[in-house]
Amino acid sequence: MNEINPYASPQAISNAPLAPPIPAPNQLAGVWRQGKHLVMHKLAPLPDICLKSNVPATRRLKRKLQWHHPAFALTLLISPLIYIVIALIMTKRATIHVPMTEEWFTRRKTRMLIAWSVCGLGLLCFVAGIALAASTDTEEFLFLLIPGIFLLIGAALYGQYACRMIWPKRITNEYLWLNGVHPGFLDRLEVFPYVV
């Protein structure tokens, strides 16, 4: 008897296409390449492969990234206050956990130590220059004050650029474009298929 039961649960049709399998967490789901940039969905986990050396990672570094279009910096010509307001409104943010090897993690810590040491030396020179200026009428304090200022600026620039492991090229509501990724890691990825 082939009676149709209207209350029976629906049955799969044998010739219907199956849904694609859900990717396993260890696969590169949600991560692509576009030129020399890594593109990832904000919610996609990065695999346990170091982004700097393309070998298995042993550590994760939590990074809070932010980005706004560089053209907004032109508003500094009008007013710094307008720039700050626009930057606060238009800045896109994302938090990712960067996989790294112990070597790259140590390298980052060493660079940070150098930056803070130079900053401390610059601050010491700056304070000593101010103290010398207060105690004498000569211009000898400039030999401490000016190098102190240059050391502070140099430490800030070195810390900003040498200690960052990866940095955003662009962030949208859903995706991140990252710089500083090893070319071998990018070669593992498929090309970003969307136009955003």
Looking only at residues in region 149-177 that are among the basic types (Lys, Arg) and touching a residue at least 60 places away in the same chain (Cβ under 8 Å), which one is nearest to Ile89 (Cα to Cα)? Arg170
Any chance region 115-125 includes a residue that's in contact with a Cys (Cβ under 9 Å, 6 or more places away or on another chain) and in contact (Cβ under 8 Å) with a residue 60 or more places away in the chain? no
Go through the residues of region 159-178 one by one and say whether even a single one is in contact with a Cys (Cβ under 9 Å, 6 or more places away or on another chain) and either surrounded by fewer than 17 Cβ atoms within 10 Å (Cβ to Cβ) or more than 19 Å from Leu46 (Cα to Cα) (or both). yes
Confirm whether Ala115 is in a helix (DSSP H, G or I), surrounded by 16 or more Cβ atoms within 10 Å (Cβ to Cβ) and at pLDDT below 95. no
Any idea which of (1) in contact (Cβ under 8 Å) with a residue 12 or more places away in the chain; (2) surrounded by fewer than 16 Cβ atoms within 10 Å (Cβ to Cβ); (3) not hydrophobic (A, V, I, L, M, F, W, C) is the one Ser79 doesn't satisfy? (1)
In a loop (DSSP other than H, G, I, E, B) and either of a type outside the set (Val, Ile, Thr) or more than 30 Å from Ala44 (Cβ to Cβ) (or both): is that true of Glu103 in this structure? no
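The values are calculated or read from the model by the stated rules, or taken from the named source; none is laboratory data. Everything numeric here is computed off the predicted structure, so don't read it as measured data. Note that each Cβ is placed from the backbone with ideal geometry, even for glycine, and that neighbours are counted across all protein chains shown.
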